[in-house]
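The values are calculated or read from the model by the stated rules, or taken from the named source; none is laboratory data. Because the structure is a prediction, the values reported are computed rather than measured. Cβ: placed from backbone, ideal geometry, glycine included. Neighbour counts: every protein chain shown. Ligands, DNA and RNA are excluded from the accessible area calculation, which covers all protein heavy atoms including side chains. Shrake-Rupley method; radii C 1.70, N 1.55, O 1.52, S 1.80 Å.
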Amino acid sequence: ASGGMGRVVRLIPAEVAGYLTMILPLALVGHDLLTAVPPAAQAIKLTAAIWVMILAVRLWGRGSLSQAGGPITAGRIYVTTALNPKALIIALALLPPPALAEFWSRLALFCLTAAAVAAIWGGAGAFARQRGTGAGRLQVVRRAASVWLAMVSVMLVAGVLRA
């Protein structure tokens with residue numbers, strides 16, 4: 001969002017590709033594999049939780065993810081999205097099994113929804129930067145995002161510990 005709406009729109013394909021990188025294999029083989037090897041699911045969740053907490057700390061402590069490690073690139077968006085724990089839930093709980101006819105239409109709907117949500121969040125961030133007083137509003141958005149990421153990470157770890 002710090003680069004404006006045009007930059008947000010150009011990064012959306014990287015986000016969708018990141019989701020698809022995880023969702024497709026998980027959906028196609030994940031149901032059977034994760035049932036057969038439960039520790040694999042726990043390892044995936046813990047890896048995602050660690051990555052999300054790293055992002056939360058960077059976002060809180062340094063003001064922005066771009067300050068935490070260079071500019072926000074399509075590659076960083078892709079990796080962060082591929083490690084997003086939501087992909088696990090989407091692939092294994094929200095989407096129907098790939099053998100069902102509606103799998104591909106639901107996957108397409110998910111991709112459109114993810115792109116729309118990214119545009120909305122990007123728009124909110126871009127709005128927060130407008131009119132000279134944007135630094136304060138952007139800091140609030142960053143801190144709120146950091147708290148949300150930390151909560152997601154903690155919930156993932158709690159889920160692993162309960163299992």
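Per-residue answers, yes or no, for (1) touching a Pro at 6+ places or on another chain (Cβ under 8 Å); (2) open to solvent by 50 Å² or more (accessible area, probe 1.4 Å); (3) modelled with pLDDT of 85 or more:
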residue	(1), (2), (3)
A93	no, yes, no
P96	no, no, no
F103	yes, no, yes
A114	no, no, yes
V117	no, yes, yes
R131	no, yes, no
G134	no, no, no
M151	no, yes, yes
G159	no, no, no
Matching residues in segment 74-95 - criterion: being of a type in the set (A, V, I, L, M) and part of a helix (DSSP H, G or I): A74, I77, V79, A82, A87, L88, I89, I90, A91, L92, A93, L94
Modelled with pLDDT under 80 and either among the aliphatic types (A, V, I, L, M) or open to solvent by less than 70 Å² (accessible area, probe 1.4 Å) (or both): does that describe V141? yes
Looking at segment 1-24, can you tell me whether even one residue there is modelled with pLDDT under 80, surrounded by fewer than 16 Cβ atoms within 10 Å (Cβ to Cβ), part of a loop (DSSP other than H, G, I, E, B) and not polar (S, T, N, Q)? yes
